[in-house]
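Structure, as C-alpha cells:
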C-alpha cells in the first residue's frame with residue numbers, strides 16, 4: 001500500500017471515528033414534539049413498518065407537505081428494526097451522516113487529486129455546528145439521506161466524466177432521482193454538475209479547442225448532457241409545490257408579504273456566512289421579522305454582489321473560488337424564502353449541503369495563498385487542528401440542547417426574540433410533562449407576540465378546559481374559529497367543552513362541523529357518538545362508533561363505547577377489532 005493510499009485509509013477511519021464519537025450520544029435522546037410526531041411517533045403508516053399498504057402510501061402521500069417516499073421508507077425501515085425506540089432512529093441519522101462525510105472526501109479527492117484540502121472539507125462537513133440540526137433531529141432524516149445521494153451522485157458523475165461509460169451516467173441519474181425522492185432541495189444538482197464541469201473536472205476546454213465559439217459550443221453540449229437531470233428537477237419542483245400548497249405549508253402574501261421575502265434573501269445569505277465562520281446563537285427556528293431595515297438589505301446585497309464579481313473575475317486563475325461560491329449561492333435557492341414555507345427566516349438544516357461550497361473556497365484558497373509561507377505544512381496543520389478541535393467542541397456542546405423538547409425550546413428562546421412558535425411548542429411540552437400552569441404562561445406569551453396565532457389559541461383553550469375553566473376555554477376556541485373557521489380540531493374541542501357544560505345540541509353541531517371538514521376524524525366520530533348516546537339516540541351513536549372503528553380499528557375508546565351502546569340495546573357485542 002502506497003503512502004497516499006495509507007493516508008487515505010487513515011483519514012477515512014479518523015473521519016468515521018470522530019463523527020461517531022461526537023454524535024453518538026444522540027442515541028440517548030428521545031423524540032421531539034416538533035415534526036417527529038408527524039414523521040414517526042404519531043404516523044400510523046410509518047408505525048406499521050414496511051408493508052404493502054405502507055409502501056403504497058409512501059409513494060402516493062404528500063403528508064408533511066412533501067413528496068419524499070424514500071424518506072418515508074427509511075423511517076419505516078427503522079420501525080422494523082428498532083420499533084419506537086428513539087435510539088435506533090437517531091443512530092441511523094448519525095451513520096448516514098458519517099458515510100456522507102466519506103463521500104465528500106472521495107468526491108473531492110477523485111476530482112482534484114488533492115488529499116489534504118479534500119480531507120479538510122470533509123471534516124468540516126462532519127463536525128460543523130450548523131449540521132447538528134440535520135443529524136440530531138429524527139425528522140430531518142430527509143436532510144442526511146438526500147445529502148448522501150447528492151454526494152454519491154456527484155461522485156458517480158465524476159467517474160462518468162472521466163470514463164465516459166453510459167452505465168455510469170444512468171447510475172448517476174438513478175441516484176439523483178433517489179435523492180429527489182428523499183428531499184426535493186436537490187433540484188439544483190444539475191447546476192452544480194455544470195460548476196464541477198468548469199472545475200475541477202475541466203470539461204469546458206479540450207486540447208485543440210480554443211476560441212469563444214468552440215467554448216460556447218462545449219458549454220451547450222454539457223448543458224444538453226444534463227437535460228434528463230433538469231427534467232427530473234423540474235418534475236420534482238412541480239410535485240413539491242403541489243404537496244406544500246395542499247399541506248398548507250406555503251404561506252400566502254397576506255401572511256408573508258413578497259417585499260419582506262425579497263428583503264430577507266440577502267440578509268439570510270449573509271447571516272448564513274456569518275454563522276459558518278462564527279457559529280453562535282444557533283436555534284432550531286429563527287422567526288421571520290416583521291420588518292427589516294433598508295440599510296441591512298442594501299449592505300448585504302452589496303456584499304453578495306461584490307463577492308460574486310470578485311470570484312467571477314478571478315475564475316480563470318482561481319476557479320475553485322467561483323465554484324465554491326456559486327455552489328453555496330445556488331444550492332440555497334430552493335429554501336431561501338421566495339416561496340415561503342413556514343414562518344422561519346432561515347434554518348441551520350438548510351446549510352447541510354451549501355456549506356460544502358464555502359469549505360471548498362477556504363480549503364483551496366488557504367492552500368494557494370500560503371504557498372510561500374515558511375514552515376507552511378506545520379502552520380497549515382496547526383490551523384486545521386485548531387478548526388477541527390473548535391468545531392468538535394462547539395458541535396458537542398450544541399448537540400446537548402437536543403436532548404429533549406423542553407431543553408431545546410428553552411435554548412431557542414434564549415437566543416432568539418419574539419419566537420411565538422417556539423413558545424407554543426414549549427407550552428405543549430410542559431403540558432405533556434404535567435406542568436399545566438407553566439404551559440398556559442407559554443401559550444399566553446405566544447399570543448402576546450402574535451394575537452392571531454390560531455394554534456396557541458386552540459392550545460390555550462384546551463389547557464383552560466383541562467383546568468376546568470370552560471367559559472374561558474370556549475372563548476379561546478371561538479377566537480380561533482373566527483380566524484380560521486375550518487379548524488376541525490378546534491370544532492371538536494369546542495364540542496367537548498360545550499358537552500361538559502351540558503349543551504349537547506351545540507356540542508353535536510360542532511362535532512358535525514369537524515366531520516364536515518374532515519370526514520375521517522376519528523375523535524370527532526367517537527365524541528359525536530358519546531353525545532348522541534347521552535341524548536338517548538343509541539342507534540345513531542352506534543353508527544358513529546362504528547365509523548370511528550372503520551377509520552381506526554385499534555381505537556379502544558371507540559370500541560368500548562360501541563360495546564356499552566350495544567349492551568344497552570341488547571345487541572350482540574362484537575369481538576375486538
inquiry  = So residue 203 ticks every box in (1) within 28 Å of residue 315 (Cβ to Cβ); (2) outside any helix (DSSP H, G or I); (3) at pLDDT 95 or above but one. Which box is left unticked?
reply    = (3)
ask   = Right, residue 240: more than 28 Å from residue 361 (Cα to Cα) and crowded, with 19+ Cβ neighbours inside 10 Å or not?
value = yes
inquiry  = So, in the range 87-123, exactly how many residues are surrounded by 21 or more Cβ atoms within 10 Å (Cβ to Cβ) and over 24 Å from residue 156 (Cα atoms)?
reply    = 2
Selection status of residue 17, in a helix (DSSP H, G or I) and more than 20 Å from residue 388 (Cβ to Cβ) = no
ask   = Based on what the data block shows, is residue 189 modelled with pLDDT of 90 or more and assigned to a helix (DSSP H, G or I)?
value = yes
query = Being surrounded by 21 or more Cβ atoms within 10 Å (Cβ to Cβ) and in contact with a helix residue (DSSP H, G or I) (Cβ under 8 Å, 6 or more places away or on another chain), is that true of even one residue in the range 205-214?
reply = no
query = Restricted to the range 52-101, and to residues that are touching a residue at least 12 places away in the same chain (Cβ under 8 Å) and not in a helix (DSSP H, G or I), which residue is farthest from the chain's Cα centre (by Cα)?
reply = 84
ask   = Out of (1) assigned to a helix (DSSP H, G or I); (2) at pLDDT 90 or above; (3) touching a helix residue (DSSP H, G or I) at 6+ places or on another chain (Cβ under 7 Å), what's the single condition that is false for residue 486?
value = (1)
Test: residue in the range 309-317 that is under 30 Å from the mean Cα position of the chain (by Cα), in the same structural domain as residue 276 (by TED's automatic domain parsing) and in contact (Cβ under 8 Å) with a residue 12 or more places away in the chain = no
inquiry  = Checking the condition surrounded by 19 or more Cβ atoms within 10 Å (Cβ to Cβ) and modelled with pLDDT under 90, which residue from 561, 555, 526 passes?
reply    = 555
key: From 65, 21, 77, residue being assigned by TED's automatic domain parsing to the domain that holds residue 150 and touching a strand residue (DSSP E or B) at 6+ places or on another chain (Cβ under 9 Å)   = 65
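So that you can scan it fast, the table gives a plain yes or no per residue for (1) surrounded by 18 or more Cβ atoms within 10 Å (Cβ to Cβ); (2) more than 29 Å from residue 259 (Cβ to Cβ):
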| position | (1), (2) |
| --- | --- |
| 279 | yes, yes |
| 284 | yes, no |
| 290 | no, no |
| 295 | no, no |
| 299 | no, no |
| 306 | no, no |
| 318 | yes, yes |
message = Here is a check on your reading of the model: is residue 426 in contact (Cβ under 8 Å) with a residue 24 or more places away in the chain, part of a helix (DSSP H, G or I) and crowded, with 18+ Cβ neighbours inside 10 Å?
response = no
note = Selection from the range 28-46 of residues buried (at least 16 other Cβ atoms within 10 Å of the Cβ) and part of a helix (DSSP H, G or I) yields 36, 39, 40, 41, 45, 46
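The values are calculated or read from the model by the stated rules, or taken from the named source; none is laboratory data. What you are looking at is a predicted structure, and each value in this text was computed from that prediction instead of being measured. Ideal geometry is used to build each Cβ from the backbone, glycine not excepted, and the neighbour counts take in all protein chains shown.
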